[in-house]
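Novice: Sharing a structure here in structure tokens format.
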Amino acid sequence: MKTLIFVTLMMLGFSAQTMHSQDGHAADEAAMRESVKQMETGWNTKSGALFAKPFAEDADYVVINGMYIKGRATIESAHQRIFDTIYKDTNITLTVKQIRFLRPDVAIVHVEGHRTGPAKELSQDAMLTLMMTKEKQGWVIAAFQNTAVAPRG
């Protein structure tokens with residue numbers, strides 16, 4: 001009887017620990033999704049500052065054309081330039097497709113992106129890869145890779 005009670009208590013403890021872990025990941029995933037939403041809102045409101053806010057101070061960023069830029073300040077100013085010029089009439093939709101935890105404080109986030117604009121050449125599909133790290137201030141994007149997706153057909 002004591003063994004049965006012990007096993008039952010162990011199973012209840014394991015179940016509670018599993019639920020706590022899932023809740024922990026759920027909160028982390030929600031924070032990461034909010035960062036992606038903030039980038040989308042920044043683009044669609046043409047705010048380089050809002051777009052760049054989820055990035056780490058020293059973030060690495062690979063642009064869709066392969067160009068590399070470094071740091072949140074550069075990401076902010078470069079995006080503000082394109083928002084004020086070539087992409088001023090565009091919008092994006094970002095959809096998180098997968099979040100994979102490499103460690104409790106490091107995750108890879110894959111995001112489908114779709115940019116639309118008044119001219120066909122301004123429309124583009126992309127797959128974004130974000131490496132996010134959990135810092136004192138929360139989840140930040142440490143590295144970002146933007147890859148164009150070729151049209152089908």
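Novice: Write down, largest first, the equivalent ellipsoid semi-axes of segment 89-153 in whole Å, where each equals the square root of 5 times an eigenvalue of the alpha-carbon gyration tensor. Present the calculation step by step, with values, prior to reporting the outcome.
Specialist: On the way: eigenvalues 156, 33, 13 Å².
Whole-Å semi-axes of the equivalent ellipsoid: 28, 13, 8.
Novice: Would you calculate the separation in nanometres between label points at residue 98 and residue 73, each defined as 7 Å from the Cα along the Cα-to-beta-carbon direction?
Specialist: Calculated label separation equals 3.7 nm.
Bear in mind these aren't lab numbers, they're just calculated from the coordinates by the rules spelled out. Everything quoted here is computed from the prediction, not taken from an experiment. No Cβ is skipped: glycine too gets one built from the backbone with ideal geometry, and neighbour counts run over all protein chains shown.
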